[in-house]
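Peer 1: Following this message is one structure expressed as structure tokens.
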Amino acid sequence: MGDILPFKKPSLKQRAKGKTLCKNGFHKWEIETQKQFDVKQGSLVTAWRCKRCGERKVKAL
């Protein structure tokens, strides 16, 4: 049998969940532990990624 697809369209509230917070600057930052050394700068860095939208920011130590 094939996959069962939902017939109901997601509501606007469900589609915009989390996106409006990030657009207004309220990101949910998590520290990325895989990449701690920046080759171009030659120093240790802390990399953050937003859990909701995936935006990244990097700060040198």
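The values are calculated or read from the model by the stated rules, or taken from the named source; none is laboratory data. Remember, it's a predicted structure, so these values are computed and weren't measured experimentally. Heads up, the Cβs are rebuilt from the backbone with ideal geometry, glycines too, and the neighbour counts pull from every protein chain shown.
For every residue, the table says whether it meets (1) at positive phi; (2) among the β-branched types (Val, Ile, Thr); (3) modelled with pLDDT under 85.
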{"site": "Pro10", "(1), (2), (3)": "no, no, yes"}
{"site": "Gln14", "(1), (2), (3)": "no, no, yes"}
{"site": "Asn24", "(1), (2), (3)": "no, no, no"}
{"site": "Val39", "(1), (2), (3)": "no, yes, yes"}
{"site": "Trp48", "(1), (2), (3)": "no, no, no"}
{"site": "Gly54", "(1), (2), (3)": "yes, no, no"}
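Peer 1: Pairs, please: C-beta under 7 Å, at least 6 apart or cross-chain, first residue closer than 11 Å to Glu30 by Cα and in segment 45-61, second basic (Lys, Arg) and assigned to a loop (DSSP other than H, G, I, E, B)?
Peer 2: Short answer, once both residue conditions are applied: Ala47/Lys35; Cys50/Lys28; Lys51/Lys28; Arg52/Lys28.
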